[in-house]
Every structure is written in structure tokens, then in C-alpha cells.
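Everything on this sheet refers to the single structure shown next.
What follows is calculated from the coordinates using simple rules that are stated; it is not laboratory data. Fair warning: this is a prediction, and the values are worked out from it, not measured in the lab. With ideal geometry, Cβ positions are generated from the backbone for all residues, glycine too; neighbour counts draw on all protein chains shown.
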Amino acid sequence: MVTLVVAEHNNFNLKSSTFSTISAAIKLGNEIHILVIGFNILKIVKQAARIFGISKVFFIDSSHLYHPLSENFSLQIFTIAFSYNHILFPATSFGKNIAPRVAAILDVSQISEVIDIKSDNIFCRFIYTGNVIATVQSHDKIKVITICPASFESIEDYTGSAVIESIKALPNVCMSSLISYQTNINNFNDLNNADIIVAGGKGFKNAKNFKILRILAQRLKAAIGASRAAIESGYAEKSWQIGQSGKIVSPKLYIAIGISGSIQHIVGMKNSKIIVAINNDMKAPILNISDYYIIGDLLEILPKLINALSDD
């Protein structure tokens, strides 16, 4: 059996979500191929070929594939899909955009946001807002799967030497086009790839107080996250939301400040390596999953913490 990993990249490098997806592919125990689609992607292709455990890298390079539009990408994947038993995507906006269309074209059921792999046809995923883990079995000949990056370690091992092979691009189907693309320049790092995240909740009480979090993030060279309550209260931007209806993250360090810890939020960050909470409520649910916590007024604690950190 052979597994295909569809690579997510930023037109310069592979994203960490791709490495997490490769870790999941390794658990399947099959030969692993990577497919890289884009424009002027030779550097990324060479990067993929050096990943340990990869036997072959396919790439499709064309100007109309610069942006990952699902209509074009799904058809490109379909041309080689029948050579594989499993086709894996990261469960990011990239994978969630393309995988459903691939599954529909192949007439198979998509297996979404897998958090563990038991065998080549048995997988685990969260349901009911993360309160229940469902074990599902698929009898489809080709299994289209999205992998939750937070559940698999992102290991960048460049000791491999895979074969590289080019695939001719299909014509642009012109079913949709990208009108504009706006990057969130206010966030310091990509939340999905940040090593450190400082996240704020409704405990900041207002948007002015929430700005203190930016100073802490600058000192720690961290990304900024927020709970849904903080965003609905107007303290933070929607793109900063972490949780079931936001981003699923797994940084090395997650600092939750003024966040009570609803199950919806915990689903989005509980796989962080180290969790630190700052809260004035001894009964806050976030404390139950924290490695360390400080009980007290965040408006008194944060200035002291910031002063203790160097600007360097």
C-alpha cells in the first residue's frame, strides 16, 4: 500500500502542518509519497525530497496553481489518486478547502480531523465538541483523510533522499479566481506554526487592557491568541480565535491569561506541550489541564512579568 500526502506550503517552505501530516502517514506503515502543487516551487520540492521516510516527491508547477483553489487542485490530485490507498491532507484551511472536493470526485467518504490512527482503516476523531472520541472504520478503497496537526508531532528530519518526478499540469478550469489576498499583519506569527502563544480572555475586561498582551507577546516573540468570549466582547480580532470554532494549535508553550477554559476553547489548545494559566478563579476549568498556574489579578501580574522579561 502507498500513502499520498498533499503538501501545504507558503510558496517558500513547507508548513509545519505538512510535517504533522507526514507523522500521521508514518503511523499507517505504508510507503509515503508527497505531492507539491504550486508555481515556482522547485525549492519546496527539494526540501520535501530530503524528508526522512519519503520515497517519492511528485510536483505540479504552473502559474494558475499559485493559489490553492480547490477546483484546480482537486482535479490535479484526481489524476494520480487511484495509485493510492490513503490521501492525507492537513486539517487546516488548506486541507479543508480541497479534501472534500477530492472525496466527492472519488465518490468516497472523507474522514475528517483524525487525531489517532489505529490501523490502515480505523481512525479516531473528536465529536461533541471534543467530549467524545469516535473510532471510525472505512471500507472505501481510497481513504481521503484530513489530519489534525495538533495531534501528531511535527518532526523535521532532512536525512532522506526521495526520487523527484514532475507531473504535467492540467489546464486552468477557470471555475473560480482569487480576487484579493490579505495577510493579517497585526499578528506576530502564524498561530498554527508558533512555538509560543499568549492567549487572552474576557478577564481583561476591556480592549484597552487587552493591549497589554501585545507587549508580553513582543517580549516572548510569541503569537497572540484569544478566546471566543474575548473576541465577541471586541477585545481581539476574529483571526486570533483559538478553539472549536477557531484555530487548533499545539505550541511548545501556551499561556492562557484571563481565560476560564470552556470545553470549546480547551479543544483548540489542550495538545500544547506546556500550558500556563493566569487566572483569579481557583475553580476555572483551564487550571485542570495546566502544567503551571498563577492565581491573581492579571492586571497586576502581567506588568511584573513584562518587566522581568528582556526586550532582546
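About the Cα centre of the chain, what is the dipole size in debye to 20, counting +1 per Lys and Arg Cβ and -1 per Asp and Glu Cβ, all else neutral? Don't jump to the answer; show the numbers that get you there.
Values: 28 positive and 23 negative charges, 82 e Å.
Taking the Cα centre of the chain as origin, the dipole is about 400 debye.
Which cross-chain or sequence-distant (5 or more) residues have an amide H under 5 Å from the amide H of Gly225, H modelled 1.01 Å from N in plane?
HN-HN under 5 Å from Gly225: Val198, Ala199, Gly200.
Select from Leu65, Leu299, Leu191 the residue whose mean-square fluctuation is largest in a Gaussian network model of the chain (Cα-Cα springs shorter than 10 Å).
Ranking Leu65, Leu299, Leu191 by mean-square fluctuation puts Leu299 first.
When the chain is modelled as a GNM with alpha-carbon springs shorter than 10 Å, which of Gln110, Gln76, Gln137 fluctuates the most?
Gln137
Only helical DSSP H runs with n ≥ 4 go in: add -39500 (n - 2.57) per run for the chain, normalise by residue count and round the 222 nm mean residue ellipticity to 500 deg cm²/dmol.
When only DSSP H runs of four or more count, the value is -7500 deg cm²/dmol.
To the nearest 20 debye, what is the magnitude of the charge dipole of the stretch 1-102 about its Cα centre, counting +1 on the Cβ of each Lys and Arg and -1 on the Cβ of each Asp and Glu?
With Lys and Arg at +1 and Asp and Glu at -1, about 200 debye.
Pairs Lys27/Lys96; Lys205/Lys273; Lys43/Lys221; Lys143/Lys270; Lys15/Lys46; Lys208/Lys252: which are spaced more than 25 Å apart, C-alpha to C-alpha?
On the way: Lys27/Lys96 21 Å; Lys205/Lys273 28 Å; Lys43/Lys221 27 Å; Lys143/Lys270 27 Å; Lys15/Lys46 14 Å; Lys208/Lys252 28 Å.
Violating the 25 Å limit, Cα to Cα: Lys205/Lys273; Lys43/Lys221; Lys143/Lys270; Lys208/Lys252.
Need one number: nm distance between label points at Tyr292 and Ile263, each 7 Å from Cα along Cα→Cβ, rounded to one decimal.
Result: 3.0 nm between the two label points.
Could you grab the relative contact order for the stretch 2-166? Cα pairs under 8 Å, six or more apart, rounded to a whole percent.
Relative contact order here is 31 percent.
Pull up all non-local amide H partners of His9: gap of 5 or more, or a different chain, and H-to-H distance under 5 Å with H placed in the peptide plane.
Lys15
Read phi for every residue in the stretch 167-178 and hand back ³J(HN,Hα) as whole Hz from Karplus 6.51 cos²θ - 1.76 cosθ + 1.60, θ = phi - 60°, with x for Gly and Pro.
Here the 3J(HN,Hα) series is 10, 5, 6, 6, x, 5, 7, 6, 7, 8, 9, 7 Hz.
Fewest to most neighbouring Cβ within 10 Å: what's the order for Met282, Met269?
Met282, Met269
With angles folded into 0 to 90 degrees, how steeply does helix 16-28 sit against the dominant principal axis of the chain? Use alpha carbons for both and round to 10.
Value to nearest ten degrees: 60.
Read phi for every residue in the stretch 226-240 and hand back ³J(HN,Hα) as whole Hz from Karplus 6.51 cos²θ - 1.76 cosθ + 1.60, θ = phi - 60°, with x for Gly and Pro.
3J(HN,Hα) across the stretch 226-240, in whole Hz: 7, 7, 4, 4, 5, 6, 5, 7, x, 7, 9, 7, 4, 5, 8.
Please list, ordered by chain and number, the residues whose modelled amide H lies under 5 Å from the amide H of Val114; skip anything fewer than 5 residues away on the same chain.
Correct list: Thr146, Ile147, Cys148.
Using θ = phi - 60° and the Karplus curve 6.51 cos²θ - 1.76 cosθ + 1.60, what whole-Hz ³J(HN,Hα) does each residue of the stretch 251-268 get, with Gly and Pro shown as x?
x, 5, 9, 10, 10, 9, 10, x, 10, 5, x, 5, 4, 4, 6, 4, 4, x
For the stretch 116-135 and the stretch 174-253, compute the distance between their C-alpha centroids and round to whole Å.
What the calculation gives is 27 Å, centre to centre.
Can you give the % of DSSP beta bridges in the stretch 1-141 that are antiparallel, to the nearest 5? Show your work: numbers first, answer last.
Working: 10 of 25 bridges.
Expressed as a percentage, antiparallel bridges in the stretch 1-141 total about 40.
Evaluate the charge dipole of the stretch 196-308 about its Cα centre and quote only its size in Debye, nearest 20, assuming +1 on the Cβ of each Lys and Arg and -1 on the Cβ of each Asp and Glu.
Dipole size: approximately 300 debye.
With each pseudo-label sitting 7 Å past Cα toward Cβ, what's the His67-Ser176 distance in nm, one decimal?
Rounded to a tenth, the inter-label distance reads 1.0 nm.
Taking the chain as a Gaussian network, Cα atoms linked when under 10 Å apart, which of Pro171, Pro68, Pro149 shows the biggest mean-square fluctuation?
So, out of Pro171, Pro68, Pro149, the one fluctuating most is Pro171.
How many percent of DSSP beta bridges within the chain run antiparallel, rounded to 5?
Approximately 20 percent, going by the DSSP bridge assignments.
How far apart, in nm, are two points set 7 Å out from the Cα along the Cα-to-Cβ line at Asn193 and at Tyr158?
So the label points at Asn193 and Tyr158 sit 1.4 nm apart.
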